[in-house]
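Trainee: Below you will find the structure I want to go over with you.
Readers should treat all values here as calculations from the given coordinates under stated rules, not as data from a laboratory. Everything quoted here is computed from the prediction, not taken from an experiment. Reconstructed Cβ throughout: ideal geometry from the backbone, glycine too, with neighbour counts over all protein chains shown.
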Amino acid sequence: MMWRTVRRIMREPLGAVGLTLVTVVVLSAVFASALTSYAPSKISPAERFASPSLLHLLGTDHLGRDLLTRVLYGGRVALLIALGATAVSLVVGVVLGLIAGYGPRWLDNVLLLIFDAVKSFPTVMLALTLVTLFGPSLYAVVLVVMLVNVPGYARIIRTQTLVLKSAEHVMAARSMGASAGRILRVHILPNIIGPILILISMDIPVVVAIEAGMSFLGLGVRPPTPSWGAILNDGFANIRDSYWIVIAGGLPIVLTTLGFTFFGETLRDLFDPRLKGRS
Amino acid sequence: MIRYALKRLWLGAIIISVAMMMMFAMVYLIPGDPASVALGPRATPEMMEALRVRMGLDQPVWRQFLHFYGSVLRGDLGTEVLSNRPVLDVVMEQLPFTLALVVGGITWSVALGIPLGCIAAVRRGGFVDQVIGVLSVAMIAVPSFVVAIYSLLVFAVALQWLPAIGAGEPGDLASRLQHLILPSLAVGLGWIGYISRMVRASMLETLEASHIRTARAFGLTENRIVYTYALRIAVLPTITLLGVGIGHMLSSSVFAEIVFARPGIGKLVYEAISVRNYPIVSGAVLVTTVFFVLVNVAADILVGLLDPRVRSSFN
């Protein structure tokens, strides 16, 4: 099953590029410590602002840290946050969506209103507000990701639940006296997980962008933790003399977002063309 | 139609008041007393007490809450503590710069997105269509702040074709526009992709319509059909899309303003956060949100006017 899916994706040009990029990014993050002999936060003043060379393939930054090393370890941070924050938003979104779809009508209306209200904040403004409240941290990033993603997930789950609620097999289960919890768990959840997985693969680049963007503004993970956004921030201050720092910080963001988007688009076209047109 | 518009406005009003509630909660939740935050560590107890009374902090929460709502409705977003100017004035001073950026972004995305979508629809399935498809996805995927930094690096630092910082000389339109090109590209690039995909999809749908079939039967050329008859209908969904797009562009304008050192709401909020100037933060966020909600309501009503099908599906 798994190999068949991979083969189908690799047959599409876009899917092949996407899957390759995703694989490269994931492997380089997992094996970061094997791929480089430098430590990500080791400062060496003698090698400040070294341009790319055989010793430092992507050059060094203003503290003499090897940029390739920071990019590789930054991949770990980016992917962990992307997976973690997406998982949390998924759980919250599924629970709220099931409640809205299966619960009483008034609760549905209240929840829909809250989703709309949350979505009516421009993302960056939301992030800036939250950071004002809680200070810059990893948790602020996760919270922003949740607020951005949960309304979308919950809405889809809600719609699907509403459709399934009146489906015959659910009616049958209910007439046999199954509890609401059992119906949701056994009959509804398995049927909506497919479209959700596809949406997740398309949302990962958004989450990567939020983390990098917040770290670029100095509102995300704290230094000296390596993050692609933080590298961009370091490089931006020295863009006129040491252009390689921003290139090193931006390139992994571009490759990761492109890779996951291409991959997700192909998945969607192959397995659930109905989702097309949603953005 | 009036019922639809009223319903849409009503929803907008509810969303704005929920947003106001969140802003109030935010100012209220901030760790530490707003008065001591505003005056800094060297303030005497008498000064703090005076400011607390002036800010209404000695009143019970529900009184403060009603007071906050009342003054916001009167257009009073409070006073900035440092310069003693009304928050609304400070925010409104920066708003035109951000609006210029968003309008610039819309211009880029419409000017390139609509033609790309049309070309892709005409050549559907062909090589050109596939190239435009991949390009559109790529433009959507790449975050705007990376676009901003890379375009600054290439066009302003390396090639030196365009200015890198500021918003241009006041009163000099050419200089203003020149300073707008790169930041607005960074803001609008993703939406070139969204719009071209949207136009392509709705163009393909429109080309199936019966009046287009009639036009074909009359022997009109394909170009004439696409660009005169079908485009008029196919661009309609773009209007709603742009309603959402303006919100996204407001978000990315924060990055564009910081990268290109332009004045604007985003830069205002960003700098206010670093000096803990909370009234400015909440005021600017509130103005942005109200603006965003109004734009979306206006876009929905406009589409309702142009396309009666939307009205009935809303009820």
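Trainee: Using only Cα atoms, what is the ratio of the radius of gyration of region B:152-248 to 2.2 N^0.38 Å? Spell out each step's value before the answer.
Mentor: On the way: Rg = 19.5 Å, N = 97, 2.2 N^0.38 = 12.5 Å.
In units of the 2.2 N^0.38 Å rule of thumb, it is 1.56.
Trainee: Which whole number gives the average count of other chain Cβ atoms within 10 Å of the Cβ atoms across peptide B:241-251? Walk me through the intermediate numbers first.
Mentor: Details: counts 1, 0, 0, 2, 1, 1, 6, 4, 1, 5, 9.
Whole-number average of other-chain Cβ neighbours for B:241-251 is 3.
Trainee: Take the Cα coordinates of the protein assembly as shown, assign each an equal point scatterer, and use the Debye formula without solvent to give log10 I(q)/I(0) at q = 0.06, 0.07 Å⁻¹.
Mentor: After summing over all Cα pairs, the log10 values are -0.35, -0.48.
Trainee: Could you list which residues have their amide H under 5 Å from that of B:Arg262, counting only those 5 or more apart in sequence or on another chain, with H placed in the peptide plane?
Mentor: Excluding prolines and chain starts, which carry no amide H, the hits are B:Gly166.
Trainee: Please tell me the relative contact order of region B:227-315 in percent, rounded to the nearest whole number, where contacts are Cα pairs under 8 Å and at least six residues apart.
Mentor: Values: 48 pairs, mean separation 28.5, N = 89.
Dividing the mean separation by the residue count of region B:227-315 yields 32 percent.
Trainee: How high is the FRET efficiency between B:Thr107 and B:Arg213 when r is their beta carbon distance and R₀ equals 35 Å, given to the nearest 0.05? Provide the component values of the computation, followed by the final result.
Mentor: Numbers: r = 34 Å, r/R0 = 0.98.
In this case the efficiency is close to 0.55.
Trainee: If I take R0 = 41 Å and measure r between the Cβ atoms of A:Ala39 and A:Val6 in this structure, what FRET efficiency does the formula 1/(1 + (r/R0)^6) give, to the nearest 0.05? Walk me through the numbers before you get to the answer.
Mentor: Details: r = 35 Å, r/R0 = 0.86.
With a Förster radius of 41 Å, E is 0.70.
Trainee: Right, something else. Equivalent-ellipsoid semi-axes (√(5λ), Cα gyration tensor) for region B:49-161, whole Å, largest first?
Mentor: 49, 20, 13
Trainee: Here is a follow-up. Of the chymotrypsin sites (Phe, Trp or Tyr not before Pro) in region B:145-254, which ones lie in a loop per DSSP and count no more than 16 other C-beta atoms within 10 Å? Please report the intermediate quantities before stating the final value.
Mentor: Numbers: sites: B:Phe145, B:Tyr150, B:Phe155, B:Trp161, B:Trp191, B:Tyr194, B:Phe218, B:Tyr227, B:Tyr229; in loops: B:Trp161, B:Phe218.
Those that pass, being in a loop and sparsely packed, are B:Trp161, B:Phe218.
Trainee: Moving to a separate point now. Mind pulling the angle between the C-alpha long axis of helix B:61-73 and the longest principal axis of chain B? Nearest 10 degrees, somewhere in 0 to 90.
Mentor: 50 degrees
Trainee: Could you compute Rg(Cα) / (2.2 N^0.38 Å) for region A:12-275, with N its residue count? Working shown, then result.
Mentor: Values: Rg = 21.8 Å, N = 264, 2.2 N^0.38 = 18.3 Å.
Output field value: 1.19.
Trainee: Less than 11 Å from a label point 7 Å out along the Cα-to-Cβ axis of A:Leu80: which backbone N atoms in region A:223-248 qualify, by residue?
Mentor: A:225-226
Trainee: Calculate the spin-label point distance for B:Leu135 paired with B:Arg63, positioning each point 7 Å from the Cα along the beta-carbon direction, and give it in nanometres.
Mentor: Each label point is offset 7 Å from its Cα along the Cβ direction, giving 6.4 nm.
Trainee: While we're looking at this one, here's another question. Please give me the summed charge of the neighbours of A:Thr257: other residues whose Cβ is under 14 Å from its Cβ, Lys and Arg +1, Asp and Glu -1. Present the calculation step by step, with values, prior to reporting the outcome.
Mentor: Values: positive: none; negative: A:Asp203, A:Glu211, A:Glu265.
Within the 14 Å Cβ shell, the charges total -3.
Trainee: Mean 1/r over all different Cα pairs, inverted: what Kirkwood radius does region A:182-279 give, in Å? Walk me through the numbers on the way to the answer.
Mentor: Values: mean 1/r = 0.0644 Å⁻¹.
Hydrodynamic radius (Kirkwood, Cα pairs) of region A:182-279 is 15.5 Å.
Trainee: For chain B, what mean projected area does the convex hull of the alpha carbons give, in nm²? Let's see the in-between values first.
Mentor: Working: hull surface 84.7 nm².
Result: a mean projected hull area of 21.2 nm².
Trainee: Once phi is turned into ³J(HN,Hα) by the Karplus curve 6.51 cos²θ - 1.76 cosθ + 1.60 with θ = phi - 60°, what whole-Hz value does each residue of region A:36-49 show in order, with x for glycine and proline?
Mentor: Values per residue, Gly and Pro as x: 9, 9, 8, 8, x, 10, 6, 8, 9, x, 5, 10, 4, 6 Hz.
Trainee: May I ask you to list the aspartates and glutamates whose Cα is less than 13 Å away from that of A:Lys42, ignoring any residue fewer than eight positions away on the same chain?
Mentor: Once the sequence-local aspartates and glutamates are set aside, what remains near A:Lys42 is A:Asp61, A:Asp66.
Trainee: When Lys and Arg each count +1 and Asp and Glu each count -1, what net charge do the other residues less than 13 Å away from B:Glu271, Cβ to Cβ, add up to?
Mentor: On the way: positive: B:Arg262, B:Lys267, B:Arg276; negative: B:Glu80, B:Glu257.
Taking every other residue near B:Glu271 into account, the sum is +1.
Trainee: Could you tell me the calculated FRET efficiency between A:Arg174 and B:Trp10, based on Cβ-Cβ distance and R0 = 41 angstrom, to the nearest 0.05? Provide the component values of the computation, followed by the final result.
Mentor: Values: r = 35 Å, r/R0 = 0.86.
Computed FRET efficiency for A:Arg174 and B:Trp10: 0.70.
Trainee: What span do the alpha-carbon atoms of region B:92-138 cover on each of the three principal axes, reported in whole Å from largest to smallest?
Mentor: Taking the Cα atoms of region B:92-138, the three principal extents are 49, 18, 8 Å.
Trainee: Against the longest alpha carbon principal axis of chain B, how many degrees, from 0 to 90 and to the nearest 10, is the axis of helix B:2-29 turned?
Mentor: Helix B:2-29 sits at roughly 40 degrees to that axis.
Trainee: Right, something else. Residue by residue through B:143-154, how many Cβ atoms from other chains fall within 10 Å of the Cβ on average?
Mentor: Partner-chain Cβ atoms within 10 Å, mean over residues of B:143-154: 6.
Trainee: On a 0 to 90° scale, report how tilted helix A:123-134 is relative to the longest principal axis of chain A, with both axes built from alpha carbons and the result rounded to the nearest 10.
Mentor: 80 degrees
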